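Heads up, the thing below is written out as structure tokens.
The numbers here are math on the coordinates, done by the rules we state, and not lab data. In this text, all values refer to a predicted model and were calculated from it rather than measured experimentally. Positions of Cβ are backbone-derived with ideal geometry, glycine not excepted, and every protein chain shown enters the neighbour counts.
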Amino acid sequence: MSEAAICVAMAALAASGGLALRRSWSARGQAGRGWKAVGWLLLIAACSLGATSLGSIRGLFIGLTIASVAVLAVVATGMVVREPRRAGRSKSLAPEPLDRKPSWWRSALRWLLAGPIGMIAAMAVGIFWSTWAGGAEHTRLVIGGMLVPVIWGGAMAWTLADNRILRATAVLVGVAVLGFGLSILKGFG
């Protein structure tokens, strides 16, 4: 038998196994268990056919790949596309933060959190990484330094988008205090 015929047979076995498993999930009780056993046996047979016909490692790899694609095709045939619910939801995929009342103290706190406080918290995480992570000293310093701008950017995005400004303040100040405190306790050595 040719390799193409073996692959077609594996795909048919795997698709039949996928259909049997789908039927087991929709059936209840004892009938569902029988379909489940048949489905798994067909999937194992598809992979075993590849392993015995095409070589143990190569055939098993091909069998698993074909079985995965065949079962994915079975799952895709049962896909149902539903209309999205529009009640109370924004039409945008990325809705804006809730409208908040502008006040000078909230604006100042947001500016501080996105800027200096976020930077200090990011530095605390970078220094914490440099002191507590394993590995060579140079590697720890480089990774710790590369973490700082990424974490600072995340802190900026979060504090500017979050409506609960006091929560963001507590988290960033807590991260800064905890990061620097644990770094001081260990030291770099």
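What to note about this one:
- Mean ellipticity per residue at 222 nm, deg cm²/dmol - from DSSP H runs of n ≥ 4 across the chain, formula -39500 (n - 2.57): -26000 deg cm²/dmol
- Sorted largest first, the principal axis extents computed over the alpha-carbon atoms of segment 11-57 equal 39, 15, 11 Å.
- The angle between the Cα long axis of helix 137-161 and the main principal axis of the chain comes to about 80°, on a 0 to 90 degree scale.
- Projecting the Cα atoms of ALA136, VAL150, TRP25 onto the dipole axis of the chain, where Lys and Arg carry +1 and Asp and Glu carry -1 at the beta carbon, places TRP25 farthest toward the positive end.
- Principal-axis analysis of the Cα atoms of the chain puts helix 3-26 at an angle of about 70° to the longest axis.
- The angle between the Cα long axis of helix 118-132 and the main principal axis of the chain comes to about 70°, on a 0 to 90 degree scale.
- Dipole moment magnitude, nearest 20 debye, the chain about Cα centre, only Lys, Arg, Asp, Glu C-beta charged: 860 debye
- Per-selection metrics, the chain (Cα): Rg and Dmax in Å: 28.2, 79
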